[in-house]
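Have a look at the structure below, then the notes.
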Amino acid sequence: MPEQMRTAISELASTRADRAIPMPWELWRASFIQTASEQLARDSHRRLVPEPYLPVFEPIRLSRPVHRELPAAFLSFTHDQTMPPGFWHPGMSSRLNGATVAEIDGDHEMPLTGPGQLSGALHRLATTAG
């Protein structure tokens, strides 16, 4: 995660005694769910709960690199603005050896903003990849 993002998340967490990370409306709307209608964006934001702090920053230690042994596919969302350009793809996708990469037109919250489009892309990947 870029340092600027780590700092911003830490600052958000410092606003709460339990250090859980709240999601400001402006960030949710501009970076996570920007393709949604105003109503869907507001309704979904009202249902959010602060995210625990440690899982965001604690590295995951695998006893063996299973992500390099299993067949993999990666969906890249063309309007995902949660991280800087290139972070998800090719940044994260390149960590999966030989992963099939598919791009779909959508934001970070495709299960909410494009469930049919997302399920179609997952189905295509499941039936054609690897």
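The values are calculated or read from the model by the stated rules, or taken from the named source; none is laboratory data. What you see is a predicted model, and the numbers here were worked out from it, not measured in a lab. Cβ placement follows ideal geometry from the backbone for every residue including glycine, while neighbour counts extend to all protein chains displayed. Heavy atoms of the whole protein, side chains included, go into the accessibility calculation; ligands, DNA and RNA do not. Shrake-Rupley method; radii C 1.70, N 1.55, O 1.52, S 1.80 Å.
Tabulated data
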| read-out | value |
| --- | --- |
| Residue that is in contact (Cβ under 8 Å) with a residue 24 or more places away in the chain and basic (Lys, Arg), where the choices are 64, 68 | 68 |
| Residue 100 being surrounded by 14 or more Cβ atoms within 10 Å (Cβ to Cβ), touching a Gly at 6+ places or on another chain (Cβ under 8 Å) and not hydrophobic (A, V, I, L, M, F, W, C) | yes |
| Residue under evaluation residue 112, criteria (1) surrounded by fewer than 14 Cβ atoms within 10 Å (Cβ to Cβ); (2) in contact with a Ser or Thr (Cβ under 6 Å, 6 or more places away or on another chain), criterion not met | (1) |
| Residue match in the stretch 42-56 (condition: of a type in the set (S, T, N, Q) and free of Cβ contacts under 8 Å to residues at least 12 places away in the same chain) | no |
| Within the stretch 1-55, tally of residues that are surrounded by 15 or more Cβ atoms within 10 Å (Cβ to Cβ), closer than 19 Å to residue 79 by Cα and among the aromatic types (Phe, Trp, Tyr) | 2 |
| Search result, residues across the stretch 35-61 that are closer than 23 Å to residue 11 by Cα and in a loop (DSSP other than H, G, I, E, B) | 48, 49, 50, 52, 53, 58, 59, 60 |
| Cross-chain or 6+ apart pairs with Cβ under 7 Å, the stretch 74-99 first and under 20 Å from residue 9 (Cα atoms), then open to solvent by less than 40 Å² (accessible area, probe 1.4 Å) and part of a loop (DSSP other than H, G, I, E, B) | 80/107; 88/80 |
| Residue list for the stretch 30-61, filter: closer than 20 Å to residue 1 by Cβ and among the aliphatic types (A, V, I, L, M) | 30, 33, 48, 54, 56, 60 |
| Tally, over the stretch 98-130, of residues that are within 15 Å of residue 88 (Cβ to Cβ) and in a loop (DSSP other than H, G, I, E, B) | 6 |
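Let's see how each residue does on (1) modelled with pLDDT under 90; (2) more than 25 Å from residue 21 (Cα to Cα):
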residue	(1), (2)
60	yes, no
66	yes, yes
74	no, yes
88	no, no
98	yes, yes
104	no, yes
111	no, no
116	no, yes
127	yes, yes
